[in-house]
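Just so it is clear, none of the values below were taken in a lab; they were calculated from the coordinates. Note that the coordinates shown come from a computational prediction; the quantities given were computed from them, not determined experimentally. A quick note on method: Cβ atoms are made from the backbone with ideal geometry, for glycine too, and the neighbour counts reach across all protein chains shown.
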Amino acid sequence: MGINSKDLISLSDLSIQEIHEIFTNAKSMKEIINREIKKVPTLRGKAIINLFYENSTRTRSSFELAGKYMGADVINISASSSSVAKGESLRDTAKTIESMGADVVVMRHPASGAHHILAQAVKARVINAGDGTHEHPTQALLDIFTILEHKGTIRGKKVAIIGDILHSRVARSNIWGLNALGADVWICGPPTLMPSQVDKLGVNVTWDIQKALKDADVVMMLRIQLERQKSGLFPSIREYSKLFGLNKNKLKLAKEDALVMHPGPMNRGVEITADVAESYQSVIEEQVTNGVAIRMALLYAMGGGKINASA
C-alpha cells in the first residue's frame with residue numbers, strides 16, 4: 001500500500017481508493033494505540049522531521065507519537081528555536097533538511113503554498129500539517145474517519161460546518177473530502193467570514209444556523225480565531241456566540257444521534273458551550289485519538305514498511 005503522489009499538500013492529492021486504504025490501515029493502528037506496549041518496528045530506520053512555523057499542540061504531538069509508535073526517528077524543529085528565528089529562508093532550511101537525509105517532512109507554515117516550495121527543494125516526502133488558510137488534509141482525514149466509525153458511511157449524510165469558513169484550512173480540506181465521498185455539506189457563518197464565490201465550493205450556503213442544523217447528521221464547529229476580532233469582521237464575541245454558537249437548544253434541531261465535532265482548540269462559551277462539548281454526542285476526544293491513528297497510517301503509506309499489530 002502506498003500513495004502515488006510524492007507529497008500530501010492537498011487532500012485532493014489522494015484518490016478515493018487511497019483515502020479508503022488509509023482508513024482501513026488506521027483501524028489497525030488504533031489496535032496498536034490501545035494496547036499496553038505501543039511500539040512496532042514498522043518505520044525503523046526512517047527519519048521524520050516535524051517542521052513547525054506555527055504553534056501547535058494536537059497536530060505536532062500526534063505526528064510525533066505516530067512516528068515514535070512505529071519506530072521512526074523523529075526530530076521536532078520549531079521556528080522560534082531554530083535558525084529560522086535568525087532569518088534563515090525556507091529554501092535554506094530545506095537544504096539543511098536535505099543534508100540530514102530525512103525521509104518524511106511534516107510542516108506547518110503560516111503562508112499558503114509554502115509546502116510547494118519545500119516539496120520542490122527536497123527529495124523527502126512532504127506532508128502538509130496546515131498552511132495558512134489553504135488546507136489541513138490530515139485533520140480532514142481524521143474527521144471523516146471519525147464520522148465513518150459512527151455512521152458507517154459518508155454518502156447522503158448531512159454535515160453542517162459552522163464558524164469562520166473564510167480563514168479555516170480545516171473547512172477547505174473537509175469540504176473537498178466530504179464532497180468527494182458523497183456527503184450533503186452545509187456551511188454556515190457570518191457573511192464577513194465566508195470566502196468569495198463560496199457557492200462554487202459545491203456546498204449549501206446559509207447564514208441561518210437553524211437551517212444548517214436542521215436534521216444534520218454531523219455538526220462540525222470551527223474555532224473562532226479571536227485574533228480576527230481585531231479586524232472587525234463581526235461586531236462582538238457575545239453577538240457571534242448568540243448567533244452562531246452551538247448550545248443544547250440549538251443542537252436539538254439536528255438529529256438525535258448527530259455527532260458534535262471540533263478540530264480544537266475550543267473557545268468554550270464562544271463557538272460551543274461546555275455542556276455540548278462534553279455531551280454524549282460529542283466525539284471531540286475521539287478525534288484526538290483518531291488523529292494519531294490516521295497519521296500513523298499516513299506515515300506508513302508515505303514512509304514504507306509493513307503493519308504488524310501483533311509485533
Report task. Please tell me the relative contact order of the chain in percent, rounded to the nearest whole number, where contacts are Cα pairs under 8 Å and at least six residues apart. Result -> 21
Report summary line: Full extension between Lys214 and Thr289 adds, at 0.36 nm per residue less the Cα distance, a length in nm of 24.1 nm
Query raised in the report: Can you give the three extents of the C-alpha atoms in the chain along their principal axes, from longest to shortest, in whole Å?
Result: 53, 46, 33
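Residue separation times 0.36 nm, minus the C-alpha to C-alpha distance between Ile75 and Lys123: what's the value?
Stretched fully, the Ile75-Lys123 segment lengthens by 15.6 nm.
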**Report entry** In sequence order, calculated HN-Hα J values of segment 50-59 (Karplus, 6.51, -1.76, 1.60; Hz; x Gly/Pro)
**Finding:** 9, 10, 10, 8, 10, 5, 7, 10, 5, 5
Query raised in the report: How compact and how long is segment 137-287, expressed as Rg and Dmax of its alpha-carbon atoms in Å?
Result: 13.9, 42
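Can you figure out the FRET efficiency of Glu149 with Ser89, using R₀ = 30 Å and their beta-carbon distance, to the nearest 0.05? Please list the in-between numbers first.
Values: r = 42 Å, r/R0 = 1.40.
Efficiency at R0 = 30 Å is approximately 0.10.
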Requested in this report: Pick out which of Met296, Met29, Met266 has the largest mean-square fluctuation in a Gaussian network model of the chain, springs linking Cα atoms closer than 10 Å.
Outcome: Met266
Query raised in the report: How much length, in nm to one decimal, is gained on full extension between Met266 and Ile237, taken as 0.36 nm per residue of separation minus their Cα-Cα distance?
Result: 9.0 nm
Report task. List the lysines whose Cα lies under 27 Å from the Cα of Lys95, skipping any in the same chain that are fewer than 8 positions away. Result -> Lys6, Lys46, Lys68, Lys86, Lys123
Requested in this report: Give, rounded to the nearest 20 debye, the magnitude of the charge dipole that segment 137-287 has about its Cα centre when Lys and Arg contribute +1 at Cβ and Asp and Glu contribute -1 at Cβ.
Outcome: 380
Report summary line: So, with points 7 Å from each Cα along the Cβ direction, the Glu31-Asp199 label distance in nm works out to 5.0
Report task. Counting only C-alpha contacts under 8 Å and six or more residues apart, can you give the relative contact order of segment 137-287 as a whole percent? Result -> 24
Query raised in the report: How far apart, in nm, are the 7 Å Cα→Cβ label points at Asp275 and Ala111?
Result: 4.8
Query - Set of segment 14-49 residues, backbone N closer than 16 Å to the point 7 Å along the Cα-Cβ line of Met100 - result: 45-49
Query raised in the report: Which pairs, out of Lys30/Lys157; Lys38/Lys252; Lys157/Lys250; Lys27/Lys200; Lys157/Lys248; Lys158/Lys248, put more than 30 Å between their alpha-carbon atoms?
Result: Lys38/Lys252; Lys27/Lys200
Query raised in the report: Based on Cβ point charges of +1 for Lys and Arg and -1 for Asp and Glu, what charge dipole magnitude is obtained for the chain about its Cα centre, in debye rounded to the nearest 20?
Result: 180
Query raised in the report: Whole-Hz Karplus ³J(HN,Hα) for segment 242-252, in order, using 6.51 cos²θ - 1.76 cosθ + 1.60 and θ = phi - 60°, x for Gly and Pro?
Result: 5, 8, 10, x, 9, 10, 5, 5, 5, 5, 5
